[in-house]
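To start, I am sharing the structure in question, which I have written as structure tokens.
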Amino acid sequence: MKSSTLKHLKIVTALALTYGASISHANDLSYDYIELSAVESQVYEDGATMDGYKLDFSYQFGNHFSFLLGFDNVNDKQSLANLDYEQRVKTKHFGFGFRSSVSENLDFVAQYTNDDYRYTEIETDNLGTDKFTYKDDGDTIRIGLRGLLGEKFEWDAFGVRKTLNGDGVDVDDSGYQLSLRYRLAEELSLGMSRSDIGDFEETALSLRYTF
């Protein structure tokens with residue numbers, strides 16, 4: 001995992017140096033925001049569909065770079081005969097992003113995050129409750145474009161690579177993430193996103209506050 005993480009950091013750094021000459025940024029695209037999302041996701045292969053929320057934070061420093069923080073919490077509950085079964089996944093994300101202007105209303109964007117997963121299974125029957133917890137880690141790289149459509153709509157389109165290693169898990173998948181947001185006010189927008197990255201799928205409805 002350490003060698004994989006280092007490799008990904010080198011890729012993003014190389015991209016930053018390649019595009020670093022540009023210091024302008026796209027018209028009215030902010031990288032300072034807090035976003036709260038209701039999500040439906042499938043985290044593992046053949047896993048249950050889980051519902052929950054995620055919280056994302058981005059803070060830009062300088063003309064090109066930003067800090068990224070995130071937290072996800074999704075779960076699924078089922079009752080089978082005398083057994084109550086719950087699955088819960090909590091994920092922490094930390095990383096950085098890079099942006100460079102392509103045109104007035106279009107940015108090139110690259111993002112890297114390190115991801116810590118905590119997977120919990122809880123089984124309750126007539127004999128009591130059993131709890132099992134697993135910890136996995138990985139990283140995510142997103143490379144793509146972010147732009148404006150008129151004055152009210154923002155969009156993102158990313159190619160994504162996600163890795164995950166842990167207790168019996170070894171994942172290296174690629175896919176996409178698409179997002180569309182509508183500006184309700186100058187600092188507030190409502191958005192929807194869809195990610196499909198190998199065995200990872202997620203649909204989110206989000207509210208973003210730009211500061």
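The values are calculated or read from the model by the stated rules, or taken from the named source; none is laboratory data. Since this is a predicted model, take the numbers as computed values, not measurements. Glycine gets a Cβ as well: all are built from the backbone with ideal geometry, and neighbour counts include every protein chain shown. The accessibility values were calculated without ligands, DNA or RNA, using every heavy atom of the protein model including side chains. Shrake-Rupley method; radii C 1.70, N 1.55, O 1.52, S 1.80 Å.
Please tell me if residue 41 is within 14 Å of the chain's Cα centre (by Cα), crowded, with 16+ Cβ neighbours inside 10 Å and assigned to a strand (DSSP E or B).
yes
Would you please list the contacts, defined by Cβ atoms under 6 Å and residues six or more apart or on different chains, that run from a residue in the range 93-105 that is farther than 19 Å from residue 141 by Cβ to a residue that is open to solvent by 10 Å² or more (accessible area, probe 1.4 Å) and not in a strand (DSSP E or B)?
101/22; 101/24; 101/25; 104/27; 105/27
Evaluate the range 136-156: report whether one residue or more is assigned to a strand (DSSP E or B), at pLDDT 95 or above, under 13 Å from residue 200 (Cα atoms) and open to solvent by 30 Å² or more (accessible area, probe 1.4 Å).
No - not one qualifying residue is present in the range 136-156.
Can you pull out every residue in the range 157-167 that is among the hydrophobic types (A, V, I, L, M, F, W, C) and at pLDDT below 95?
Residue satisfying the conditions is 164 alone.
Considering only the range 69-120, state which residues are of a type in the set (Phe, Trp, Tyr) and modelled with pLDDT of 95 or more. Before the answer, list the steps.
Taking the range 69-120 and keeping what is of a type in the set (Phe, Trp, Tyr), we get 71, 85, 94, 96, 98, 108, 112, 117, 119.
The answer is 71, 94, 96, 98, 108, 112.
For residue 110, state whether it is among the small types (Gly, Ala, Ser), open to solvent by less than 20 Å² (accessible area, probe 1.4 Å) and touching a residue at least 60 places away in the same chain (Cβ under 8 Å).
Working: among the small types (Gly, Ala, Ser): yes; open to solvent by less than 20 Å² (accessible area, probe 1.4 Å): yes; touching a residue at least 60 places away in the same chain (Cβ under 8 Å): yes.
The answer is yes for residue 110.
Of all residues in the range 59-69 being open to solvent by less than 60 Å² (accessible area, probe 1.4 Å) and among the polar types (S, T, N, Q), which is nearest to the chain's Cα centre (by Cα)?
Ranking the candidates gives 66 first.
Regarding the range 48-58, can at least one residue be identified that is open to solvent by less than 60 Å² (accessible area, probe 1.4 Å), among the acidic types (Asp, Glu), modelled with pLDDT of 95 or more and assigned to a strand (DSSP E or B)?
yes
Can you say whether residue 202 is under 13 Å from the mean Cα position of the chain (by Cα), of a type outside the set (Ser, Thr, Tyr), over 28 Å from residue 102 (Cα atoms) and assigned to a strand (DSSP E or B), as far as the supplied structure shows?
Values: under 13 Å from the mean Cα position of the chain (by Cα): yes; of a type outside the set (Ser, Thr, Tyr): yes; over 28 Å from residue 102 (Cα atoms): yes; assigned to a strand (DSSP E or B): yes.
The answer is yes for residue 202.
On to the next question. Free of Cβ contacts under 8 Å to residues at least 24 places away in the same chain, open to solvent by 50 Å² or more (accessible area, probe 1.4 Å) and under 25 Å from residue 65 (Cα atoms) - does that describe any residue in the range 119-130?
No: zero hits.
Looking at (1) touching a residue at least 12 places away in the same chain (Cβ under 8 Å); (2) open to solvent by 20 Å² or more (accessible area, probe 1.4 Å), find the lone condition where residue 181 falls short.
All conditions are met except number (2).
Being at negative phi and open to solvent by 80 Å² or more (accessible area, probe 1.4 Å) is the filter here; which residues of the range 70-89 pass it?
77, 79, 80, 82
Taking the conditions exactly as written (hydroxyl-bearing (Ser, Thr, Tyr), under 14 Å from the mean Cα position of the chain (by Cα), open to solvent by 80 Å² or more (accessible area, probe 1.4 Å) and modelled with pLDDT of 95 or more), does residue 195 satisfy them or not?
No, not satisfied.
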